[in-house]
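Visitor: Pasting a structure here, questions to come.
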Amino acid sequence: MKEYLRINHNSEIPKYKQVVDLIVSDIEAGIFKQGQRIPSINETSEDLLLSRDTVEKAYVSLRKKGILSSVRGKGYYVNQVDVCKQLKVALVFNKLSNYKRNIYYSFIETLGNKAATDVFIYNYDLQQFKSIVENHASLYDYFVILPHFKDENADVASVIRTIPRKKVMLVDRNLESLKDYPIVYQEYEKDIQSALSEGIDFIRKYNSIHLIFPADQYYPVYIKRGFQIFCQVHGLEFSIIDQLCRKDVEKGRAYVIISDDDLYRFIKICRAENWVPGKDVGIVSYNENPVKEILEDGITTISTNHDEIGRIAAQMILTKDFRRIKSPFQFIKRNSL
């Protein structure tokens, strides 16, 4: 059983767990049959270039699970072939944020005990992303990838295509170069147009509308493009502010605020001026969360349902019903507009 190439000695996954997975995979593949004696601890230790203690720990773990049985002086035997192997899923995020936490918690809750999920963060960096893929591609059954990068033109597709296609699911951002891959996605440019159009009568109460779109953070530029198109279609006076300053906040204006940090800063300015959101200024915040429902007597939001994105992605994996699904985007009217 010359299988040492199937053990990753640089992996963060303990080697004994890799041995467990290896034997389970061989049982599922029919290499080891019901009642068959498997190679001894010493034989496996030599073939996999591992210590005897590591292999013994793996065998004992399999025996406790009922997958193997042992006969004193004779060795280990396959006790059951109907092995329900727990899936291993890599959830690859560009960063941590409130809405990505929502995706994560919904995702793992839907998977339950049928899968173990590890999270990797690549910080919008293509080289970090490539390193994650190269070092872990063989260790996971599925990669669920949120593809957001500093360089909008980065050749992400060539890296993703190094992973076997059946292992890959995309989430959140639709890549034109990967149209044949399953995905649960947002359409940023169209979403913001349609959502703000639902609130156009409220927006027209104000003399202009302004998008606070922080330049030092890597939000999808499609949001900005969609906002510009919305304003042009409806004949609205508008501007795009890349860094929120006190001078940018004026009475009688409406604001679409992308960053939660900018939202809280904006509210502080309003409080200092004794301005009432929804009367003196209009506020629309990007991405829903429970706090916004109660903050300042209710903040109007435009948002997809991030819990639903996580649930759908997990359900695809469980059912193996892989499709391309557009996530709905909502305008949620509250008192701030």
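Visitor: Rounded, prolate or oblate for region 189-304? Axes are the square roots of the Cα gyration tensor eigenvalues, ordered a ≥ b ≥ c, and the cut-off for rounded is a/c under 1.5.
Guide: Rounded.
Visitor: Tell me which residues come under 5 Å, amide H to amide H, from Lys88 once H is placed; ignore anything under 5 positions away on its chain.
Guide: Distant-sequence amide H within range of Lys88: Ala116, Asp141, Tyr142.
Visitor: Further question: When the chain is fully extended, how far beyond the present Cα-Cα distance does Asn135 get from Thr319, taking 0.36 nm per residue of separation?
Guide: 63.5 nm
Visitor: Quick one: P(r) of the chain from all Cα-Cα pairs, 20 Å bins, percents rounded to integers, in order of increasing distance.
Guide: That works out to 27, 43, 21, 9, 0, in percent per bin.
Visitor: Evaluate Rg over Rh across region 4-78, taking Cα atoms for both radii and Kirkwood's formula for Rh.
Guide: Rg/Rh: 0.94.
Visitor: Could you run the Karplus curve 6.51 cos²θ - 1.76 cosθ + 1.60 with θ = phi - 60° over region 29-42 and give me ³J(HN,Hα) per residue in whole Hz, x for Gly and Pro?
Guide: Once rounded to whole Hz, the list reads 7, x, 5, 10, 9, 4, x, 6, 6, 8, x, 5, 4, 5.
Visitor: Show the residues, 5+ positions off or on another chain, whose built amide H is closer than 5 Å to the amide H of His148.
Guide: Amide H neighbours of His148: Asn94.
Visitor: Work out the charge dipole of region 4-78 with +1 on the Cβ of Lys and Arg and -1 on the Cβ of Asp and Glu about the Cα centre, then indicate which of Pro39, His9, Gly75 is farthest towards its positive end.
Guide: Farthest towards the positive end: Gly75.
Visitor: Taking H placed 1.01 Å from N in the peptide plane, check which residues at least 5 places from Val276 or on another chain put their amide H under 5 Å from its amide H.
Guide: Placed amide hydrogens put Val281 under 5 Å from Val276.
Visitor: Using a cut-off of under 16 Å, list every residue of region 283-313 whose amide N is near the label point 7 Å from the Cα of Arg271 along the Cα-to-beta-carbon line.
Guide: Residues 291-299 fall inside that zone.
Visitor: Then there's this: Run the simple label-point estimate for Ala29 and Gln86 please: 7 Å along Cα→C-beta, distance reported in nm.
Guide: 2.3 nm
Visitor: Based solely on its DSSP helices, what 222 nm [θ] is calculated for the chain when runs of n ≥ 4 H residues each add -39,500 (n - 2.57) and the sum is averaged over all residues, nearest 500 deg cm²/dmol?
Guide: -11000 deg cm²/dmol
Visitor: From the phi of every residue in region 147-164, what ³J(HN,Hα) in whole Hz does the Karplus formula 6.51 cos²θ - 1.76 cosθ + 1.60 yield, where θ is phi - 60° and glycine or proline is x?
Guide: Computed from phi, the couplings for region 147-164 are x, 10, 10, 4, 8, 4, 9, 4, 7, 6, 4, 5, 6, 4, 6, 6, 8, x Hz.
Visitor: According to a simple spin-label model (label point 7 Å from Cα along Cα-to-Cβ), what is the distance in nm between Asp261 and Lys190?
Guide: Between Lys190 and Asp261, the label points sit 3.3 nm apart.
Visitor: Ordered by packing density, taken as the mean number of other Cβ atoms within 10 Å over each peptide's residues, highest first, how do 248-256, 215-223, 261-269 rank?
Guide: 248-256, 261-269, 215-223
Visitor: Report the gain in length on full extension from Arg52 to Tyr124: 0.36 nm times residue separation, minus Cα-Cα distance, nm rounded to one decimal.
Guide: Once the chain is fully extended between Arg52 and Tyr124, it gains 21.8 nm.
Visitor: Taking the Cα centre as origin and putting +1 on Lys and Arg beta-carbons and -1 on Asp and Glu beta-carbons, what dipole magnitude results for the chain, to the nearest 20 debye?
Guide: Its charge dipole is roughly 940 debye.
Visitor: Could you go through region 306-316 in sequence order and give the Karplus-derived ³J(HN,Hα) for each residue, using 6.51 cos²θ - 1.76 cosθ + 1.60 with θ = phi - 60°, rounded to whole Hz, and x for Gly and Pro?
Guide: 5, 4, 5, 4, x, 5, 5, 4, 5, 5, 4
Visitor: Taking 0.36 nm per residue of separation and subtracting the Cα-Cα distance, what length does fully extending Ser97 through Asp216 add?
Guide: 41.3 nm
None of the figures in this text is laboratory data; all of them are computed from the coordinates on show. Since the structure is predicted, the reported quantities are computational estimates derived from the model, not experimental observations. When we count neighbours, we look across all protein chains shown, and the Cβ atoms used for this are built from the backbone with ideal geometry, even at glycine.
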